[in-house]
Amino acid sequence: MKTRSLLDRIYGFLNQRPVYHALFWLALYGTMVGTSLRQGFDLQTTLYNETIQALFFAGLVYSNLLFLIPNYLARHAFIYFGLVLAACAIVTPIEVLVLYLVYSDVPEYQASVVDQQARIYLSNVFVTILATVLRVIMDWWRYQNEKQVLLTQTMQSELRFLKSQINPHFLFNTLNNLYALTLKKSDKAPEIVLKLAEIMRYMLYECNERRVHLSKEIHYLYNYLDLERLRQPREADICFVVDGHVSEQLVAPLIFVPFVENSFKHGLNHATAGGYVRIRLAVQGEDLEFVIENSKVDQTPRPSHPRSGGIGLANVKQRLQILYPDNHDLKIVDEPNRYAVTLRLKMVD
């Protein structure tokens, strides 16, 4: 996290326009000075000469950045390159003339400047085109980062929307269970209130992060199943097995519960005898396998009242696509008397 924060600060610093412009000119000027010194020119002549050339480069580069690129590059590429060549052709004789006059007391250097007009022209073209390439790269880099920020914001908004649907969905189901028990004046009502309080605490305070500890999600599943056991017949086979070592692994909150909720809602709740919900969660390092299987009746009774909800399974599929786009595998088997879900996750952030 500290490394990432440092990289973000470095990127933010380098992404400031004065900074990367200054770095460009320092690198270019240093290259020019170094090249002249290696050719045998003395330091004073080198600095004098390269400073003049750098000023002409700057005139071409900023004319290019401020006028030619915005007005011609995207819409008229051939005209743009023609104008670059024409601008360099106009500037080069002026630059040669300035250098010729500056070294009026050094005839041999004046002759050298005149002889190297072609090289000066090509240098002007090269630096102008180099500025164009760097501008395109910077614009692409900025676009990619803005796109990533927008994607992250969109993802977070969608996840908040999905959670706003999921949490009431489970809460209403549990309250319906509590309502049924209170009508029967069951002694189990206080226990279900306690379990409900733990579930609400988890949903309201602990599952608002992008990831939660797997151990907390497992504890939430135990509470959910305990609530179901309180209202199911004693002969109902409800089994939850955890294999492997659960330590500090992180997982998306409320990612398994929709499958569990559906296994009761569309399976065990309608079973007359021999109904079951069997869950196995296996952990090996960052790899997780969640398997849930429930019995089904041949013909599920039609509810006597309009169904509400039904959004859990669709939402969990959406969340898996957002949170684990390349790190999950979901398989669903729907048979006449059996429904099974196998979810494999790689618990990476």
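No value in this document is a laboratory result; all are computed from the given coordinates. All figures in this text were calculated on a predicted structure; none of them were measured in a lab. Note that we place each Cβ from the backbone using ideal geometry, even for glycine, and neighbour counts take in every protein chain shown.
Multiplying the residue separation of residue 184 and residue 39 by 0.36 nm and subtracting their alpha-carbon distance yields 42.2 nm. With contacts taken as Cα pairs under 8 Å and at least 6 residues apart, region 2-146 reaches a relative contact order of 21 percent.
Of the three principal axes defined by the Cα atoms of region 175-258, the extents in descending order read 41, 28, 19 Å. Using a simple spin-label model with pseudo-atoms 7 Å out from Cα toward Cβ, residue 144 and residue 78 lie 3.2 nm apart.
Could you work out the local net charge near residue 114, counting Lys and Arg as +1, Asp and Glu as -1, over the other residues with Cβ closer than 13 Å to its Cβ? Display every interim value, and only then the final one.
Working: positive: 119; negative: 95, 108, 115.
Net local charge, residue 114 excluded: -2.
Averaging the sequence gap over all C-alpha pairs within less than 8 Å and six or more residues apart, then dividing by the number of residues, gives region 187-346 a relative contact order of 20 percent.
Legend: P(r) of the chain from all alpha carbon pair distances, 20 Å bins from 0, whole percents, reading 22, 32, 17, 19, 9, 1. The orientation-averaged projection of the convex hull spanning the C-alpha atoms of region 210-270 amounts to 4.5 square nanometres. For region 1-143, taking the reciprocal of the average inverse distance between every pair of different Cα atoms yields a Kirkwood hydrodynamic radius of 17.0 Å. Remind me, relative contact order of the chain in percent, using alpha carbon pairs under 8 angstrom and six or more residues apart? This gives 11 percent for the chain. If you line up the long axis of helix 117-183 against the longest principal axis of the chain, both from Cα atoms, how many degrees apart are they, to the nearest 10? Taking the Cα atoms of the chain, the angle to 117-183 is about 10 degrees.
Just so you know, the Cα atoms of region 187-346 work out to an Rg and Dmax of 15.9, 47 Å.
Please list the three semi-axes, largest first and in whole Å, of the ellipsoid equivalent to region 191-232, using sqrt of 5 times the eigenvalues of its alpha carbon gyration tensor. Walk me through the numbers on the way to the answer.
Numbers: eigenvalues 82, 25, 7 Å².
Output for region 191-232: semi-axes of 20, 11, 6 Å.
Return the subset of 265/331; 188/317; 184/265; 184/317; 147/216 for which the Cα-Cα distance in this structure is over 27 Å, preserving the input order.
On the way: 265/331 19 Å; 188/317 34 Å; 184/265 21 Å; 184/317 37 Å; 147/216 34 Å.
Table pairs above 27 Å Cα-Cα are 188/317; 184/317; 147/216.
The Cα atoms of region 21-68 cover 38, 18, 13 Å along the three principal axes, with the biggest extent listed first.
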